[in-house]
């Protein structure tokens, strides 16, 4: 019986995760909605996101080894995460997955899985009146 592959394996492993992160932070770096909650230097944020997505996609448990359990709502509590910022981040991820060449069915699977944690870290009401 063959073992089912993880999303991490199916999309091409670490090289593809690296392309996703590089593209994601290129988009975050110019997104006016997201920039206020990110540091000027995005390198450390990108490094942590790389660890998280590697593990989230079923690759090595790099995030847990370095930082423990993700506890995303708690880790994001110091930042004002509005529904608009959630949507902006998801749009940046959509662009990153596209640019990294992630294909169906993995593209939709990844986006669907990311909506749950993205919703869970929203901690501030909409800025729109």
Show that you can apply the helix-only estimate: for the chain, add -39,500 (n - 2.57) for every DSSP H stretch of four or more residues, divide by all residues, and state [θ] at 222 nm to the nearest 500.
-> -18000 deg cm²/dmol
In what order do 126, 45 fall by count of nearby beta-carbon atoms within 10 Å, going from fewest to most?
-> 126, 45
With axes computed from alpha carbons, what is the tilt in degrees of helix 106-120 against the longest principal axis of the chain, rounded to the nearest 10 within 0 to 90?
-> 40
If the chain between residue 26 and residue 45 were fully stretched, how many nm would it gain, using 0.36 nm times the residue separation less the Cα-Cα distance?
-> 5.6 nm
Extended-chain gain in nm, criterion 0.36 nm per residue less alpha-carbon gap, residue 116 and residue 6 | 37.7 nm
Using alpha-carbon positions, what is the distance between the centroids of segment 50-78 and segment 85-124, in Å?
-> 16
Roughly speaking, what is the stretch gain from residue 109 to residue 37, that is 0.36 nm per residue apart minus the C-alpha to C-alpha distance, in nm to one decimal?
-> 23.2 nm
If one takes the longest principal axis of the Cα atoms in the chain, at what angle in degrees, from 0 to 90 and to the nearest 10, does the Cα axis of helix 14-28 lie?
-> 20
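Please report 98, 54, 33 as a ranked list, fewest other C-beta atoms within 10 angstrom at the top and most at the bottom. Let's see the in-between values first.
Numbers: 98 13, 54 20, 33 17.
The most exposed by this proxy come first: 98, 33, 54.
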Treating the angle as unsigned and between 0 and 90°, give the value, to the nearest 10°, between the Cα long axis of helix 83-99 and the longest Cα principal axis of the chain.
-> 40
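Rank the residues 113, 85 as a footprinting-exposure proxy: fewest other Cβ atoms within 10 Å of their Cβ go first. Provide the component values of the computation, followed by the final result.
Numbers: 113 13, 85 23.
Going from least to most buried by this count: 113, 85.
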Cα pair distances of segment 9-120 binned at 5 Å [whole percent] = 2, 11, 22, 27, 23, 12, 3
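No lab work stands behind these numbers, since they all come straight from the coordinates. Predicted model only: the values in this text are computed from it and were never measured. With ideal geometry, Cβ positions are generated from the backbone for all residues, glycine too; neighbour counts draw on all protein chains shown.
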